[in-house]
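The values are calculated or read from the model by the stated rules, or taken from the named source; none is laboratory data. Just so it is clear, the structure is predicted and the values come from calculations on it, not from any experiment. Cβ placement follows ideal geometry from the backbone for every residue including glycine, while neighbour counts extend to all protein chains displayed. Only protein heavy atoms, including side chains, enter the accessible area calculation; ligands, DNA and RNA are left aside. Shrake-Rupley method; radii C 1.70, N 1.55, O 1.52, S 1.80 Å.
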Amino acid sequence: MAVRVLPAGTIGIPLDPTAAPEPPPLQLEDDVPTLHLVGRSEQRLAQALFETESVDEPHSPDTVRALRLLAMDNLVDIIQLREGVQERDAQIVALTGEVDMWRARALEEHAHRGVERQESVRRERELVTILHSELVRNEILTGELAWRRLPWFRRIGRH
């Protein structure tokens, strides 16, 4: 919906009785997206102001009606915005609580992994120590077994 542009020197309601010239109609292409920069209440006010024929009266009934509708639209917009802000604040609180919970869980997991890493290093060292001692013991036992398998006359000279 296109809205007529107010002439220079006017603020909302035209101050001089001269009729403003109509700008050429806005040509919109169907395939090009268009952004309307005025809200619905401002469009309604602008439409009502430019549709009023009576310029002799400073405040025509149509102008007063348009201003009342604008005030109601603004009130509705304010209420909707406040509800939107309250919903957003509730979402922020909920998401902040979830973030805090996940952060605490991540810190706990990180600390737990550090403890597990230290424990695994300790176990690995212990296993290497046990494995080394068992290899040394096996080597000693293998040597003793080989010595016992020697004939008795060879053992006499070595002992």
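Our coupling estimate for segment 108-115, obtained by passing each phi through the Karplus curve with A = 6.51, B = -1.76, C = 1.60 and θ = phi - 60°, is 5, 5, 4, 5, 5, 5, x, 5 Hz, Gly and Pro reported as x. Couplings for segment 128-134, taken from phi via the Karplus curve 6.51 cos²θ - 1.76 cosθ + 1.60 with θ = phi - 60°, read 5, 5, 5, 4, 5, 5, 5 Hz in order; Gly and Pro are left as x. Looking at Trp102, Val85, Leu75, which one has the Cα that reaches farthest to the positive end of the dipole of segment 73-112 (charges on Cβ: Lys, Arg +1; Asp, Glu -1)? Most positive-ward Cα: Trp102. Figure note: Thr96, Thr129, Thr63 ranked by solvent-accessible area, largest first, 1.4 Å probe, ligands and nucleic acids not counted: Thr129, Thr96, Thr63.
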